[in-house]
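Asker: Let me begin by handing over the structure; questions about it come next.
The values are calculated or read from the model by the stated rules, or taken from the named source; none is laboratory data. In this text the structure is predicted, and so the values were computed from the model without any measurement. Please note: Cβ atoms are built from the backbone with ideal geometry, for glycine as well, and neighbour counts cover all protein chains shown. With ligands, DNA and RNA removed, areas are computed over all heavy atoms of the protein, side chains included. Shrake-Rupley method; radii C 1.70, N 1.55, O 1.52, S 1.80 Å.
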Amino acid sequence: MTKPILILNGPNLNLLGTRQPEIYGRDTLADVEARCRTLAGQLGLAMVFRQSNAEHQIIDWIQDGRTTASGIIINPAAYSHTSVAILDALNACDLPVLEVHISNVHRREPFRHHSYVSQAAVGVIAGFGIHGYLLALRHMAVLLDPAAMPG
Ligand code: DQA
């Protein structure tokens, strides 16, 4: 049995649905988790979905993932732009990492244009709304098993 995909969410994403819906949409994080769970089931993947506002908690989950996960999908939220510690934790894992942003960070304030986490990521998805999580899951399935690529 393949180890689960770890889907991690950073600060303020617990407010999804009510937080700046013009930027992040009206779906809640529970909606995102439900959609991910459905797709993961279709792809034959197990997944663990978590959110924290605390940097140390995210780091602890990444460290646990070294032995318990087969890949990490992470929306580090504001920590993308500040956290060398999360970058270091991801680099310490021998796991494929995909970075997701709901909004197109490159269209926003300049401080959002740089992500430390991107240096650890195989790829980055930004600006596809919550669909980005599902696209990342599909790509993770291909990274884990290239034969899963459609077409
Ligand atoms: C975000 C973009 C970040 O700049 C921001 O701090 C977030 C969410 C996104 O999903 O678009 O909290 O990661």
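Asker: Treating only the Cβ atoms of Lys and Arg (+1) and Asp and Glu (-1) as charged, compute the dipole magnitude of the chain about its Cα centre; round to the nearest 20 debye.
Answerer: Here the chain has a charge dipole of around 300 debye.
Asker: Shifting gears a bit: With a 1.4 Å probe and all protein chains kept in place, how do Leu98, Leu45 rank by accessible area, largest first?
Answerer: Descending accessible area places them as Leu45, Leu98.
Asker: Per residue of the stretch 29-43, what does 6.51 cos²θ - 1.76 cosθ + 1.60 with θ = phi - 60° give for ³J(HN,Hα)? Whole Hz please, x for Gly and Pro, Karplus curve as stated.
Answerer: So the J values, rounded to whole Hz, are 5, 5, 5, 4, 4, 4, 5, 4, 5, 4, 5, 4, x, 5, 7.
Asker: Averaging over all projection directions, find the projected area of the Cα convex hull of the chain and quote it in nm² with one decimal place.
Answerer: Its Cα hull, projected and averaged over all orientations, spans 8.5 nm².
Asker: For the stretch 137-146, take each phi angle, set θ = phi - 60°, evaluate the Karplus expression 6.51 cos²θ - 1.76 cosθ + 1.60, and give the result in whole Hz per residue in order, putting x for glycine and proline.
Answerer: These are the phi-based 3J(HN,Hα) values: 4, 4, 6, 4, 4, 6, 4, 7, 8, x Hz.
Asker: With the contact rule set at Cα under 8 Å and sequence spacing of 6 or more, what percent relative contact order holds for the chain?
Answerer: 26 percent
Asker: Evaluate the distance, in nm, between pseudo-label points positioned 7 Å from the Cα of Asp145 and of Arg50 along their respective Cα→Cβ axes.
Answerer: 2.5 nm
Asker: Set the Förster distance to 30 Å, then compute FRET efficiency between Thr82 and Ala34 from the Cβ-Cβ distance, nearest 0.05.
Answerer: Efficiency for this residue pair is about 0.50.
Asker: Each residue of the stretch 47-64 in order: what ³J(HN,Hα) in whole Hz does its phi give by Karplus 6.51 cos²θ - 1.76 cosθ + 1.60, θ = phi - 60°, with x for Gly and Pro?
Answerer: Using θ = phi - 60°, the values come out as 8, 10, 10, 9, 9, 8, 8, 10, 4, 4, 5, 5, 4, 4, 5, 5, 4, 4 Hz.
Asker: On to the next question. Of Ala78, Gln42, Ile59, which is farthest on the positive side of the dipole of the chain, counting Cα position, with +1 on Lys and Arg Cβ, -1 on Asp and Glu Cβ, and the Cα centre as origin?
Answerer: Gln42
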